[in-house]
Amino acid sequence: MSESKQVACDGGLPRFMIGCENDESKELDVIDMRDISRSYGEDEDEDQSMEPQIVVGICSMMKKSNSKPMTEILERLCKFEYITVVIFSEEVILNEPVEKWPLCDCLISFHSKGFPLDKAVSYAKLRNPLLINDLNMQYFIQDRRQVYRILQEEGIDLPRYAVLNRDPDRPEECNLVESEDHVEVNGEIFHKPFVEKPVCAEDHNVYIYYPTSAGGGSQRLFRKIGSRSSVYSPESTVRKTGSYIYEEFMPTDGTDVKVYTVGPDYAHAEARKSPALDGKVERDSEGKEIRYPVMLTAMEKLVARKVCLAFKQTVCGFDLLRANGHSFVCDVNGFSFVKNSMKYYDDCAKVLGNMVMRELAPQFHIPWSIPMEAEDIPIVPTTSGTMMELRCVIAVIRHGDRTPKQKMKMEVRNALFFDLFEKYGGYKTGKLKLKKPKQLQEVLDIARQLLAELVQHNDCEIEEKKSKLEQLKTVLEMESSLNHNQYGHFSGINRKVQLTYLANRQPKASSGEEDSQKEGPSLLLVLKWGGELTPAGRVQAEELGRAFRCMYPGGQGDYAGFPGCGLLRLHSTYRHDLKIYASDEGRVQMTAAAFAKGLLALEGELTPILVQMVKSANMNGLLDSDSDSLTDCQQRVKARLHEIMQKNRDFSEEDYHKLAPTGSPSLVNSMEVIVNPVSICDQVYTLIQSLTSQICKRLEDPKSANLQLYHSETLELMLQRWSKLERDFRMKNGRYDISKIPDIYDCVKYDTQHNSSLGLEDMLELFRLSRALANIIIPQEYGLTKAEKLDIASAYCLPLMKKIQLDLQRTHEDEAVNKLHPLYSRGVMSPGRHVRTRLYFTSESHVHSLLNIFRYGGLLDELKDEQWKQAMDYLSAVTELNYMTQIVIMLYEDNNKDPSSEERFHVELHFSPGVKGCKDEDNAPMGFGFRPASSENHEKQTNPGSLEDLSQDEPDRAVVSEPISIQRKSPLIRNRKAGSMEVLSESNTSSRGAAFRIFPSTSRQSPEIKPSGLGFEGCSMVPSIYPLETLHNSLSLKQVDEFLTGVCKNGSETQFKRLKSLSAMFESHAEPSIDVESPETPVSTPVQSSQPPDRPLWYSSGPDSTVSSAGPSSPSVTEPSSNSGFNSE
């Protein structure tokens, strides 16, 4: 190779060298190779001795060497200071003798079509380089019979199979008897469906034969051609020439799992739609095959390790079939890279680079220190200065920014509605949720039929009924055409109809509703629409997920200098047990998916992440609640609340005592702003009228004809929103419906945030007044007194409290099923250890309720605990639990303490009120930071580590300072290449006692910015999120466990009484008498129960798993069910 053929490194960026071009074939000796592979990016100085370089040779067909994944990984590998990459040219590989191939110290070589594997084996014998993938084993990988033999010898599960060898020398292996619905191969019977695979692994023409009962014929798989990977054929008879493996067909959930190892301790897993399903390749908007990131179970992780070691292939891909609760390996592909994952490229280069340096640095006398294996244990400093191991993170998180929720109630007595109620099992629980398109169509059909029957009537009662039916019809028709692609195949995710059985008229929650009474049972129909997660909400969730990584310690060793990568390191070494739960609300599920994307550095669309990783948690009301089914206590609270807020006079001392008995500063401040509630409502009503008038004028202006508002809303839809609020807020009797205050605040908050470019007058004044009202109405609907708050909270989140208690208990128990096998755990110092993460995404009601339980349930005594008193003062000053509110519980273990000691396990409680509201900066309450060293040092907590100072940094590279200075052992401090991935551990010099913030505090631009007409889609700024504040950092696990036990016991007794009275009501249920023409007015009901969700079968199919990007995550093993009716996972 001449100097002219060496590619220089421009601007310090690493480049590759191509070894021995076709016009040069001189033999290169060691000195030549060292000379051409000196360090890149440095000035050459003939008088100066060159630093030693380890040469990594790439010997494969050019199509593979030049592929995008290989290029991405090699670019990163070059950034190791002492590594140089040389790519063998295809001309040299094919035409030159191995003696003339370039020299290398480490060889990455693998077989593909046309590659001379024999020559590569000869070269390896001649030069004896370090082999990343063994070459002799690659002969076996080309023969499926040998692959299956090796898998069987290793004890790896594979489908039951038999080999048909059509070899004249071995006639005993060629016994095939074919019948209509089965074949017999050498005495082994395979009933259809079965699979027929050519023994040559390079032959991808795999056939699946179907039984006659299913229509017969066969599915013929082949290498992807365009958008097809298989085709159906009516041919039902097996092939009569060639040798084949016959195996049982494994009934998967329509997906194949692709596993990619990089050494025995790292694997990345992805699922794709099975080519056997319909043969159509699912591609994304860029034309790439859609793949879902998946988690591997404990057994699957062990299998990945076994496959890697058995075939001696460091970089190795293989296929898993998940069926009947087991995983089976059905193919081993040898050298294989993940496509289109920057995270994988980073990880792969790091693992390979460290492997090469570990093996070869000593013989080259390169000063290289092996990263400390002890970094595997996620150690963190505690506030008292000792070191503890993080064991569990539990977070309850509210969904992100959404479009305004809209709701309409009507009482119905028509037989058609009762028939529908019975058809879908409404009488079992007394309530029914209809979300599926087919169900909503049935409701729409009933509305159309009733409207047709009511055409001739002019009665005023009938008119009111007609207007509500018209609205029902309009919304269902509108929603069926709007946003049809918003959530892909999740039709109906942003609208639903709820029906609740009312045995007789119930007391009203809203003081202004009409008083007409009607005997006999009825159904309360509640139509809900809107409430979709916005682009801003998706950004908020993803960025919070990214920031959440920083709570996890680690980042030493391979991940040194990469803040937030401790979590990803746990993932890639199989010790992160992650489950993500979400309620059945679409906005909540999409928030969970976006959060997962940020947390685990996933790429691509949210829908695949949602389908594969987010568990629906509507189990015994874990995260779902029906806000229209109020408890008796809620009914009473709402009635008292509405009574106080309807008084047309200034608040008296008595009102302050009634409305804010806890003396919360946030409530008192809002009451001082309001002074006279009716007067403020008058002002709000006038401002709404002004707003609708302004929107009407805009609609008449021709310049506004094509105006598109945020998230594709039009002026007409905006006018509909506000006009409905104007109609509903002021009732016929002239009084105000206080229950509409949250909806008004919801709408004005949305428009202030996203549609401020319209320049509507008095919007900020409406925001200010409605927020003052909402700051009273919303939190106080969950109880006025402490006792009421606890009663209502237990009704909402008793199952969640039980689940949290179970999560904490399970963490410190000996979970043998979750441990890696010690014999296969080289390189992982703590195979039995893992961090358990449980994330619960839910709505406002659960967050309010859970926080009330911690505040008022008696966890600690404010008079005796100064830190808890400060925390309670802080919470009392928080006015709103906004989008992305978080309640976080972290459990640590001190391995130096006696296992039976109370001091062994340590619990911390953290909280963030979520997204920063409009004009919030000045009056926002400040806590004492995240994990402050001690409550006594709070005067020093001036937020020294806040990310507000790092607003220019990339969001996923946010550095956090730790509360205690730790001198980490640095592998080596030396000059590094520019942009080197081999960033080293650095000493932390933050002062003891400093609190730090982990969440960025900068506004982000929403990604959907599309010019359209006179508006811009998604042009609003995304509000930043308040950092986590520590409420308490020195709780014992025993304290928390006893507290949760007490709360759950009290809540269970209350709920038992409530359910007993409910069941009594249904035991006496008789067939309802139907009054077709009865008037319909909205009421509420005390029924409290949860309805199982309507879920497609595939939604929860497959292993009980959630998320993995760096590949494997935690074991996904079903734990024993608890008496609360849900699995402990």
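The values are calculated or read from the model by the stated rules, or taken from the named source; none is laboratory data. Owing to the predicted nature of the structure, the values given are computational and were not obtained by experimental measurement. A quick note on method: Cβ atoms are made from the backbone with ideal geometry, for glycine too, and the neighbour counts reach across all protein chains shown. With ligands, DNA and RNA removed, areas are computed over all heavy atoms of the protein, side chains included. Shrake-Rupley method; radii C 1.70, N 1.55, O 1.52, S 1.80 Å.
One table, with the values for the structure above:
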read-out	value
Residue tally, condition in a helix (DSSP H, G or I), open to solvent by 40 Å² or more (accessible area, probe 1.4 Å) and in contact (Cβ under 8 Å) with a residue 12 or more places away in the chain, over segment 673-689	4
Selected residue (criterion: farthest from Ser522 (Cα to Cα)) from residues of segment 412-450 that are outside any helix (DSSP H, G or I) and of a type in the set (Val, Ile, Thr)	Thr429
Within segment 1030-1051, considering residues that are open to solvent by 40 Å² or more (accessible area, probe 1.4 Å) and in contact (Cβ under 8 Å) with a residue 40 or more places away in the chain, the one nearest to the chain's Cα centre (by Cα)	Asp1041
Residue selected from segment 691-722 under the condition among the small types (Gly, Ala, Ser) and crowded, with 16+ Cβ neighbours inside 10 Å, by the criterion farthest from Thr474 (Cα to Cα)	Ser704
Qualifying residue in segment 280-295 (condition: open to solvent by less than 10 Å² (accessible area, probe 1.4 Å), touching a residue at least 24 places away in the same chain (Cβ under 8 Å) and over 26 Å from Lys197 (Cα atoms))	yes
Pairs with Cβ under 9 Å, 6+ apart, first in segment 877-905 and at positive phi, second part of a strand (DSSP E or B) and open to solvent by less than 30 Å² (accessible area, probe 1.4 Å)	Met884/Ile397; Met884/Arg398; Met884/Ser912; Met884/Val915; Met884/Ile1025
Condition check for Tyr501: at pLDDT below 50 and open to solvent by less than 20 Å² (accessible area, probe 1.4 Å)	no
Lone unmet requirement of (1) more than 45 Å from the chain's Cα centre (by Cα); (2) modelled with pLDDT of 95 or more for Asn175	(2)
Any hit, segment 734-741, residues being touching a Leu at 6+ places or on another chain (Cβ under 9 Å), open to solvent by 10 Å² or more (accessible area, probe 1.4 Å) and within 18 Å of Ala536 (Cβ to Cβ)	no
Single residue of segment 646-670 satisfying the filter (aliphatic (A, V, I, L, M) and buried (at least 18 other Cβ atoms within 10 Å of the Cβ)) that is nearest to Tyr745 (Cα to Cα)	Leu667
Residue that is modelled with the lowest pLDDT, among those in segment 249-286 that are aliphatic (A, V, I, L, M) and in a strand (DSSP E or B)	Ala271
Of the criteria (1) under 30 Å from Thr297 (Cβ atoms); (2) open to solvent by less than 50 Å² (accessible area, probe 1.4 Å), which one Glu154 fails	(2)
Within segment 337-381, tally of residues that are part of a helix (DSSP H, G or I), modelled with pLDDT of 70 or more and not hydroxyl-bearing (Ser, Thr, Tyr)	20
Residue list for segment 869-896, restricted to those being within 27 Å of Gln809 (Cα to Cα), open to solvent by less than 40 Å² (accessible area, probe 1.4 Å) and out of contact with any strand residue (DSSP E or B) (no Cβ under 6 Å at 6 or more places or on another chain)	Met872
Some residue of segment 897-905 being among the charged types (D, E, K, R), in a helix (DSSP H, G or I) and surrounded by fewer than 21 Cβ atoms within 10 Å (Cβ to Cβ)	no
Residues satisfying the stated conditions in segment 438-470, i.e. at pLDDT 85 or above and open to solvent by 80 Å² or more (accessible area, probe 1.4 Å)	Gln441, Arg448, Gln449, Glu453, Glu470
Residue check for Val195: part of a strand (DSSP E or B), surrounded by 15 or more Cβ atoms within 10 Å (Cβ to Cβ) and touching a residue at least 24 places away in the same chain (Cβ under 8 Å)	yes
Segment 412-432, subset surrounded by fewer than 20 Cβ atoms within 10 Å (Cβ to Cβ) and of a type in the set (D, E, K, R), residue nearest to Phe841 (Cα to Cα)	Lys428
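Yes/no matrix, rows are residues, columns are (1) aromatic (Phe, Trp, Tyr); (2) in a helix (DSSP H, G or I):
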{"site": "Lys724", "(1), (2)": "no, yes"}
{"site": "Asn733", "(1), (2)": "no, no"}
{"site": "Tyr745", "(1), (2)": "yes, yes"}
{"site": "Leu798", "(1), (2)": "no, yes"}
